[in-house]
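Engineer: One structure, as structure tokens, below. Some questions next.
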Amino acid sequence: MNNQQLNAGALIFFGVFILPLVFNWLTCECYKTSNRQVVQKISETGYINYEELQTLLNNNETKGFLILDVRPHHIYKEGHLHGAVNVPFTELREKQHRKTLKTSNPIIIYSDEQKLSVAAQVMLLGQGYDGVFVIPGGYESIRAFAIDNFVPARAFYNEDKAMFDYPRFMKLDPVQAERKAPGIFAIPGAEDITPVPGGC
Amino acid sequence: MNPYLAGFLLGLVLLAAFVISGRGLGASGAAKDLLVTTVGSVAPDYAEKSTFYAEYFTPGSPMKSWLVFLLAGVIVGSFFSGAISGRLGFKTEHGPKITPGTRLVFSLAGGLLFGLGAQFGRGCTSGAALSGMAVLSTGGILTMMVIFGTGYLVAYFFRKLWI
Amino acid sequence: MAPFIPQGLINPELNLFFALILGIGFGYVLEQAGFSSSRKLAGVFYGYDFVVLRVFFTAGVTAMTGLLFMSYLGWIDMGLIYINPTYLYSALTGGVIMGFGFILGGFCPGTSFVGAVIGKIDAMVFIVGMFLGIFIFGHFYNQFEPLYTGSFLGNPFIYETLGISRAWFAFMLVMVALIAFAFTQMIEDRVNKTDARVIQQRPSTMLPSMLLIALMFIYLFLPVERPSNLREMPPDELIEKIHNGKAFVSTHRVIHQLKNHHDKMVLIDTRDRAAYERFTLPGAIHMPPGDILARRWKAFFKRDGRPKVFFSHGSDEAMVAWMTAARAGYDNVFLMDGGLNAMFEELFIRELPDTTAYDLQKRSTARFLRDARTFFLEGGAAASTRENRPVLIAPEQSEVIPVIGGC
């Protein structure tokens, strides 16, 4: 019974898995949350509507939240929401802002374009921050309908809602319209689990 | 060989099987393929009656299956190993209290049961138990526990065969 | 990554060759471990030789650890690996029968072949018995079938069945194996009345055991899924692409495709199912953000060379979808700037720009929009869908190519 080969084998086996792990940990400090989890978190958090924003801003007791302005510096200087902190979209990952972001929860994002706020939200969730929300609409509309004078009719405004009755404008082939969910399972051979023959 | 080293190497072979072919090792499946082919070619009328032999009649000879080739490798590998370790030679191993004849009878019975059981268990100790444990499959681990559990439960009654 | 053959990284024709090579390794190790001897194998049940348990558990634990780490590091796709199905009563029956077979015969199928090859006559007889057993199963297959195919539970994992985490189960399995090794060694020494000096001189297995425990301990504290890997697009690159607009495709380009029945881009609807069923752009496929990482779409993203354009009502869901897909390392993905709202506003609502403008570009844009409006209002989209059904460049028929003989 000689153990040298076993010891050597075990060490190599250990090294093969641990070294890439360490290497990955040292080099790739890209994301703190896996892609799958980000998608899941997005569906859970999402937006903060104008009414909720009103309540939040008018209630003096709530603390710790952060209103984040992700527009460029020069636009921020022209006018911004009261108490908003400016971290331009391109600087989201810079070290100097990390402390501010880390100590705040929830983080509430706005910008000129809703899609940019959402991009910032996805980015921050991927960096491991929790409770990241987006104020729908751009700065002007937030200013007009949520801050300066609250318009209840616009409370649930969101650019990502359907604004038109689409089928009225663009008539589709009735066959296509009736066909339920084409495409989803239409790829042959690309099922979720590919059967692997095996066993004995 | 040091059993832990042997186990480690076997584990690496198993891992390689998963990495290359996406499946574990197995032995009884090859036996089934061999039997299906034999029966199918010797008595096609008989084979046609049972769905068990359906594989023989589907395109792609079962003789060209992965497991049959694995078995061919096992034969080559173990012969090689036996040759270099000087263990080749005809021999019947038996417990001290039984004759070789008795041993062969029980060996036949054991083989019969194993062949039957491996069909129900969808694999033998290597196909179901070992590979199943490596992928943490419930079926594999269950089969493994039942095989060894039964073995220990009935070991006492068959002790004369071995000790 | 692995498994190579199901992924199509190695020619499937070579699968049988690798089977042969693996078999040689398998047979060699089994024989070297002493598995060609029935007395040695049966020893596990009587305490005089636990070599079966040692080899078996070491192999199982090694392969399991390897698979766990390879799966974590993204080297192997566990979804493509054969997981033994669980047919509860069939497995129990088979296990009991095999338990008896083991005690009586002293071999298991794999080891019997090994024994027979090097000349063990009992092993050869065992193999004959085994064929008889399989033949009996085949003969009474119609009677056995309800049991054989009944109580199917799918392909569950043991940790799911027990309701604990994978890492904990693996850790406990390793600990149980190590304790069993030490314990059976003690029993074996007592049964065989091994000399105390021999026991003392036995080499220590401390280092491998410690390394194994360390590996499992580390695995215990790893997150369930690796937060990021090298194949993913770095976040700075994502930010850059959004910032300089490379992530976007203008609504004009999409309108152009729809109007001219082109099939140059794949339109992907990221809205919810209800919205999709009510209306979608001609030829669009449905894929909410949560579905993008699903395996069934992976081949599509990797192999369909056309640009893939996400759209939603506005740009939000499409943005989430785009960021997910781009981060996952899928090339050639874009999102439609402004979404359906912007597109319809431009097409149908907004006042048409001046088609007689002096600026050439403005004039052609205006004409383009005017023609498109007429086209769609007259039901052109319907014709477009009829003539131009979405044709996905499907991956090969099956990822696992059945091995069919060529002779």
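The values are calculated or read from the model by the stated rules, or taken from the named source; none is laboratory data. The shown structure was predicted, so the numbers you read here are calculated from the model rather than taken from an experiment. Virtual Cβ from ideal backbone geometry, glycine too; neighbours counted across all protein chains shown.
Engineer: Only one of (1) part of a loop (DSSP other than H, G, I, E, B); (2) touching a residue at least 24 places away in the same chain (Cβ under 8 Å); (3) within 30 Å of C:Glu378 (Cα to Cα) fails for C:Leu267. Which number is that?
Structural biologist: Condition (1) is where C:Leu267 drops out.
Engineer: Sticking with this one: Return yes when B:Thr125 is more than 25 Å from B:Leu34 (Cα to Cα), among the polar types (S, T, N, Q) and outside the structural domain of B:Lys32 (by TED's automatic domain parsing) and no when it is not.
Structural biologist: For B:Thr125, the condition - more than 25 Å from B:Leu34 (Cα to Cα), among the polar types (S, T, N, Q) and outside the structural domain of B:Lys32 (by TED's automatic domain parsing) - is not met.
Engineer: If I ask for residues that are more than 11 Å from chain A (Cβ to nearest Cβ) and surrounded by 14 or more Cβ atoms within 10 Å (Cβ to Cβ), which ones from the stretch C:225-253 would you list?
Structural biologist: Within the stretch C:225-253, C:Val249, C:Ser250, C:Thr251, C:His252, C:Arg253 qualify.
One line per residue, one yes/no per condition, for (1) of a type outside the set (A, V, I, L, M, F, W, C); (2) without any contact (Cβ under 8 Å) to a residue 40 or more places away in the chain; (3) facing chain A (nearest Cβ under 10 Å); (4) farther than 30 Å from A:Ala10 by Cα:
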position: C:Pro223; (1), (2), (3), (4): yes, yes, yes, no
position: C:Ile255; (1), (2), (3), (4): no, no, no, yes
position: C:Glu277; (1), (2), (3), (4): yes, yes, yes, yes
position: C:His286; (1), (2), (3), (4): yes, yes, yes, yes
position: C:Ala299; (1), (2), (3), (4): no, no, yes, yes
position: C:Phe310; (1), (2), (3), (4): no, no, no, yes
position: C:Asp316; (1), (2), (3), (4): yes, yes, yes, yes
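Engineer: Could you say which residue among B:Gly101, B:Gly151 is part of a helix (DSSP H, G or I), without any contact (Cβ under 8 Å) to a residue 12 or more places away in the chain and more than 7 Å from every other protein chain (Cβ to nearest Cβ)?
Structural biologist: Going through B:Gly101, B:Gly151 in turn, the sole match is B:Gly101.
Engineer: Another question about this same structure. Test of understanding: among C:Ala19, C:Ala33, C:Ala63, C:Ala42, which residue is under 20 Å from C:Ile187 (Cβ atoms), buried (at least 24 other Cβ atoms within 10 Å of the Cβ) and without any contact (Cβ under 8 Å) to a residue 24 or more places away in the chain?
Structural biologist: Going through C:Ala19, C:Ala33, C:Ala63, C:Ala42 in turn, the sole match is C:Ala33.
Engineer: Mind checking whether some residue in the stretch C:333-343 is surrounded by 15 or more Cβ atoms within 10 Å (Cβ to Cβ), of a type in the set (S, T, N, Q), touching a residue at least 24 places away in the same chain (Cβ under 8 Å) and farther than 17 Å from C:Thr270 by Cβ?
Structural biologist: No, the conditions are met nowhere in the stretch C:333-343.
Engineer: Let me ask something additional. If you go through the stretch A:52-66 one residue at a time, do you hit one that is in contact with a helix residue (DSSP H, G or I) (Cβ under 9 Å, 6 or more places away or on another chain) and within 14 Å of chain C (Cβ to nearest Cβ)?
Structural biologist: no
Engineer: List the number of the failed condition for C:Val198; all other conditions in (1) under 30 Å from C:Pro85 (Cα atoms); (2) at pLDDT below 85; (3) in a helix (DSSP H, G or I) hold.
Structural biologist: Condition not satisfied by C:Val198: (1).
Engineer: Does the stretch B:130-148 hold any residues that are outside any helix (DSSP H, G or I), free of Cβ contacts under 8 Å to residues at least 60 places away in the same chain and either more than 7 Å from chain C (Cβ to nearest Cβ) or aliphatic (A, V, I, L, M) (or both), and which are they?
Structural biologist: The one that is outside any helix (DSSP H, G or I), free of Cβ contacts under 8 Å to residues at least 60 places away in the same chain and either more than 7 Å from chain C (Cβ to nearest Cβ) or aliphatic (A, V, I, L, M) (or both): B:Leu136.
Engineer: Scan the stretch C:146-169 residue by residue and report those that are touching a helix residue (DSSP H, G or I) at 6+ places or on another chain (Cβ under 6 Å) and either outside the structural domain of C:Thr205 (by TED's automatic domain parsing) or closer than 29 Å to C:Met206 by Cβ (or both).
Structural biologist: C:Ile158, C:Tyr159, C:Arg166, C:Ala167, C:Phe169
Engineer: Going by what's in this entry, would B:Gly101 be described as out of contact with any helix residue (DSSP H, G or I) (no Cβ under 6 Å at 6 or more places or on another chain), over 21 Å from B:Gly29 (Cβ atoms) and not charged (D, E, K, R)?
Structural biologist: When the stated conditions are applied, B:Gly101 passes them.
Engineer: C:Gly79 - would you say it is at the interface with another protein chain (Cβ under 7 Å from one of its Cβ atoms), more than 25 Å from the chain's Cα centre (by Cα), under 30 Å from C:Phe217 (Cβ atoms) and surrounded by fewer than 24 Cβ atoms within 10 Å (Cβ to Cβ)?
Structural biologist: Judged against the criteria, C:Gly79 is not a match.
Engineer: Can you pull out the residues in the stretch C:2-57 that are among the β-branched types (Val, Ile, Thr), facing chain B (nearest Cβ under 7 Å) and under 24 Å from B:Ala83 (Cα atoms)?
Structural biologist: Hits for the stretch C:2-57 are C:Ile21, C:Ile24, C:Val29, C:Val51, C:Val55.
Engineer: Filter the stretch C:108-152 down to residues that are assigned to a loop (DSSP other than H, G, I, E, B) and at the interface with chain B (Cβ under 7 Å from one of its Cβ atoms) and give me whichever is surrounded by the fewest Cβ atoms within 10 Å (Cβ to Cβ).
Structural biologist: Within the stretch C:108-152, the match that is surrounded by the fewest Cβ atoms within 10 Å (Cβ to Cβ) is C:Gly119.
Engineer: Further, regarding this structure: Confirm whether C:Lys264 is more than 22 Å from A:Lys41 (Cβ to Cβ), in contact with a Lys or Arg (Cβ under 8 Å, 6 or more places away or on another chain) and among the charged types (D, E, K, R).
Structural biologist: The answer is yes for C:Lys264.
Engineer: Looking at B:Ala16, B:Ala54, B:Ala83, B:Ala6, which is the one that is surrounded by fewer than 20 Cβ atoms within 10 Å (Cβ to Cβ), at the interface with chain C (Cβ under 7 Å from one of its Cβ atoms) and either in a helix (DSSP H, G or I) or of a type outside the set (S, T, N, Q) (or both)?
Structural biologist: Matching residue, one of B:Ala16, B:Ala54, B:Ala83, B:Ala6: B:Ala16.
Engineer: When the stretch B:7-36 is examined, which residues are found to be within 26 Å of B:Gly115 (Cα to Cα) and of a type in the set (Gly, Ala, Ser)?
Structural biologist: Correct list: B:Gly7, B:Gly11, B:Ala17, B:Ser21, B:Gly22, B:Gly24, B:Gly26, B:Ala27, B:Ser28, B:Gly29, B:Ala30, B:Ala31.
Condition check ((1) touching a strand residue (DSSP E or B) at 6+ places or on another chain (Cβ under 7 Å); (2) of a type outside the set (Phe, Trp, Tyr); (3) assigned by TED's automatic domain parsing to the domain that holds C:Ala366; (4) at pLDDT 90 or above) across all residues:
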{"position": "C:Ile242", "(1), (2), (3), (4)": "no, yes, yes, yes"}
{"position": "C:Ala284", "(1), (2), (3), (4)": "yes, yes, yes, no"}
{"position": "C:Pro289", "(1), (2), (3), (4)": "no, yes, yes, no"}
{"position": "C:Arg296", "(1), (2), (3), (4)": "no, yes, yes, no"}
{"position": "C:Phe300", "(1), (2), (3), (4)": "no, no, yes, no"}
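Engineer: Exactly one of (1) surrounded by fewer than 19 Cβ atoms within 10 Å (Cβ to Cβ); (2) within 19 Å of C:Ala123 (Cβ to Cβ) is unmet by B:Leu112. Its number?
Structural biologist: Looking at each condition in turn, B:Leu112 falls short on (1).
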